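Here the structure is laid out as structure tokens; the discussion comes afterwards.
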Amino acid sequence: MRKLFFFILISLLPSTMGFADPAKLSAGKEIFNGKGMCAGCHVLKDAGANGNIGPSLDQLKPSIDVVKSVVNGGLGVMPAFGATGMLTAKEIDEVSFYVASKAGK
Amino acid sequence: MKTLTKKSVSRRNFLTGTATIAGLAAASSALPISVANANHTETTDKLPDFIKWKKRSALIVHSSKTMETHRTEIGSSLITPIRHIYVRNNLPSLTDEQIGNRKDWKVSVAGVKNPKTFTLAELQTLGQTTIATVLQCSGNGRGWFPHKPSGSQWQTGAAACVLWTGVPVETVIKACGGLAKGAKYMTCTGGDAPKNLDPKKATMERSIPLKAHKDAILAWEMNGVDIPNAHGGPVRSVTPGYFGVNNVKHLIKLDFTAKESSVRYMKSSYRISPLGKKGSQYPSCWEMPVKSWVTSPSQDGKVKSGKVVISGVAFGGTKKLSNVKVSLDFGKTWKTAKLVGPDLGKYAWRQFVYETTLKPGFYNVATKASAGGKSQPELRMDNRRGYAHNGWKDHSISLDVV
């Protein structure tokens with residue numbers, strides 16, 4: 001039982017801690033500053049973003065699940081990128097991975 | 001007698017908690033609490049400029065835009081100190097530069113016989129009153145929903161009891177020759193939509209049932225000072241008993257309309273829908289359900305055994321509060337608490353006090369308020385966006401008595 005637990009923990013680590021995946025990170029950054037328009041509304045130092053409509057992502061340091069869920073469904077003035085097809089599932093995964101990895105860094 | 005549409009039935013069920021889809025699992029998820037407490041003590045973490053006048057140590061910071069009042073910082077003087085009041089703005093607050101001379105701020109009035117535009121200075125010559133209301137974010141208590149809805153994970157502190165001074169909406173209507181025909185809603189528009197965004201998506205415009213205009217005011221003062229920009233000055237509509245979002249900040253238009261506004265903040269946001277569902281067919285966050293919570297003692301420290309005073313706040317939304325009951329045994333038995341302090345009317349909250357003697361041990365302290373023949377349900381009513389939580393179980397606290 002305990003062994004299984006450690007196995008699960010170790011296999012989860014790379015994704016939850018955002019271990020570098022340079023290609024995915026740069027794809028995510030491109031969406032952040034481009035198609036996703038995230039930079040227009042949020043602060044994220046790594047992307048050089050100074051948007052002031054939503055909360056600072058550097059301060060929020062959201063988990064990848066929090067980013068994915070809000071990018072999918074939208075919130076208030078923030079568009080529902082997934083539900084409206086503005087971003088594909090793959091793009092949402094990339095931009096969420098990027099934000100969760102770089103916020104607060 | 002109004003006809004009961006499907007909509008009003010589901011809303012009623014929701015608000016009384018009789019439609020029970022509320023999950024039993026993870027009644028109080030530990031995570032949001034520990035995160036929030038950690039923030040509370042991080043007093044070095046500076047507040048953003050637009051609210052730098054707030055008291056950092058009274059607030060739990062959820063993001064650079066949202067902060068709630070710590071449970072104990074609601075205080076016990078009925079009215080919430082303005083530096084402790086929560087901050088929640090859908091759109092960036094207007095700055096002094098954007099507002100300009102406050103006395104020249106303009107509010108246009110439509111849906112009346114003689115539509116007019118008033119400056120703040122002119123509104124102030126029409127009439128004046130002061131009311132006390134509970135201002136509460138629709139998502140207050142979201143932190144306890146196990147499906148982790150997007151948005152700030154509020155616990156109890158996205159709420160305050162506020163004194164507002166302004167002119168009654170009724171007086172403004174009279175000054176415009178009365179209501180035009182066909183009005184069914186009072187619709188208020190805020191002037192804070194960022195210029196570069198689509199107005200349909202970024203305009204804060206809220207419609208509430210016309211009957212709610214009777215006790216509503218257009219306010220310019222809050223707890224004795226000009227309404228700060230972060231709370232929607234120079235003029236804010238105050239709609240007693242209705243969730244915070246309906247109290248429109250930076251008010252530029254007061255309208256009486258036949259239909260609900262079609263902006264996103266009315267049509268799709270702030271709808272109380274089942275998990276996985278959304279749409280304008282679901283009830284809007286309008287009237288607040290009855291609710292209460294303990295504000296003292298704090299569950300963060302230890303309490304000395306012997307005589308203990310438990311106090312908190314309770315309100316009935318649009319209904320007068322009837323009573324508050326306290327349970328120390330997970331809701332098995334309930335005792336009635338005393339309502340203390342001034343009664344500022346049904347839209348304000350009442351303070352309650354329960355005096356008891358406690359032996360050392362761990363206690364669960366739950367409170368259950370009743371108003372208009374309805375009591376707080378035990379469990380939250382799960383809904384997609386985590387709105388309108390008034391279940392007593394999640395709001396209970398644990399006390400370590402030594």
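The values are calculated or read from the model by the stated rules, or taken from the named source; none is laboratory data. The shown structure was predicted, so the numbers you read here are calculated from the model rather than taken from an experiment. No Cβ is skipped: glycine too gets one built from the backbone with ideal geometry, and neighbour counts run over all protein chains shown. Note: accessible area is taken over every heavy atom of the protein model, side chains too, but ligands, DNA and RNA are not part of it. Shrake-Rupley method; radii C 1.70, N 1.55, O 1.52, S 1.80 Å.
Residues of segment B:147-177 with accessible area at least 50 Å² lower in the all-protein-chain context than alone (1.4 Å probe)?
With the partner chains in place, segment B:147-177 has these residues losing at least 50 Å²: B:S150.
Before I look further, what does segment A:21-102 give for accessible area per residue, probe 1.4 Å, in whole square angstrom?
46
Within 11 Å, Cβ to Cβ, of B:K113, how many net charges do the neighbouring residues add up to if Lys/Arg are +1 and Asp/Glu are -1?
+3
Filter A:K24/A:K68; B:K278/B:K368; B:K259/B:K320; A:K68/B:K201; B:K116/B:K174 down to the pairs with a C-alpha to C-alpha distance above 19 Å, please.
Among A:K24/A:K68; B:K278/B:K368; B:K259/B:K320; A:K68/B:K201; B:K116/B:K174, the Cα-Cα distance tops 19 Å for B:K278/B:K368; B:K259/B:K320; A:K68/B:K201.
Protein chains only, probe 1.4 Å: how do A:V70, B:V309 rank by accessible area, largest first?
Reading off the accessible areas and sorting them downward yields B:V309, A:V70.
Threshold 10 Å², probe 1.4 Å: give the residues of segment B:241-275, in number order, that are less accessible with all protein chains present than with their chain alone.
B:R264, B:Y265, B:S269
Using only Cα atoms, what is the ratio of the radius of gyration of segment B:123-174 to 2.2 N^0.38 Å?
After normalising by residue count via 2.2 N^0.38 Å, the value is 1.70.
I need the semi-axes of the equivalent ellipsoid of segment B:247-310: take the C-alpha gyration tensor, multiply each eigenvalue by 5, square-root it, list largest first in whole angstrom.
Semi-axes (√(5λ), whole Å): 41, 18, 11.
Looking only at B:W105, B:W164, B:W53, which one moves most when chain B is put into a Gaussian network model with springs between Cα atoms under 10 Å?
B:W53
Suppose all protein chains stay in the model; what accessible area per residue would a 1.4 Å probe give for segment B:68-224, in Å²?
Averaged over the residues of segment B:68-224, the accessible area is 39 Å².
How many times 2.2 N^0.38 Å is the alpha carbon radius of gyration of chain B?
My calculation over the Cα atoms of chain B gives 0.97.
Please report, in whole Å³, the volume per residue of the convex hull around the C-alpha atoms of the protein assembly as shown.
So the per-residue Cα hull volume is 162 Å³.
Enter the angle in degrees (range 0 to 90, nearest 10) between the Cα long axis of helix B:6-16 and the first principal axis of the Cα atoms of chain B, meaning the one along which they spread out most.
The angle comes out at about 40 degrees.
Normalised by the empirical 2.2 N^0.38 Å for globular proteins, what value does the Cα Rg of segment B:72-131 take?
Rg over 2.2 N^0.38 Å, computed on Cα atoms: 1.58.
Can you list, largest first and rounded to whole Å, the semi-axes you get for segment A:21-102 by taking the square root of 5 times each eigenvalue of its Cα gyration tensor?
16, 15, 11
What number comes out for accessible area per residue over segment B:291-401 if the probe is 1.4 Å? Units Å², please.
42
Could you please state how large a percent of the accessible area of segment A:21-102 is carbon and sulfur, counting protein chains only and using a 1.4 Å probe?
59
What is the spread of the Cα atoms of segment B:291-401 along each of their three principal axes, largest first, in whole Å?
39, 36, 23
Compare each residue of segment A:53-82 in its chain alone against the assembly with all protein chains, and report those whose accessible area goes down by 50 Å² or more; 1.4 Å probe, heavy atoms.
By number: A:I53, A:Q59, A:L75, A:G76, A:V77.
Taking all protein chains as present, what is the carbon and sulfur share of the accessible area of segment B:359-400, in % to the nearest whole number, probe 1.4 Å?
Carbon-and-sulfur percentage of accessible area, whole number: 51.
Keeping all protein chains in position, work out how much accessible area B:S398 exposes to a 1.4 Å probe, and write it in Å² to the nearest 10.
60
Scan segment B:217-301 for trypsin sites (Lys or Arg not before Pro) in coil per DSSP, keeping those whose Cβ has at most 14 other Cβ atoms within 10 Å, and list them by number.
When the trypsin sites (Lys or Arg not before Pro) of segment B:217-301 are filtered for loop state and at most 14 Cβ neighbours within 10 Å, B:K259, B:K277 remain.
What's the buried accessible area, both sides, between A and B using a 1.4 Å probe, rounded to 100 Å²?
1300
Take every DSSP beta bridge with both residues inside the protein assembly as shown and express the antiparallel ones as a percent of the total, to the nearest 5.
95
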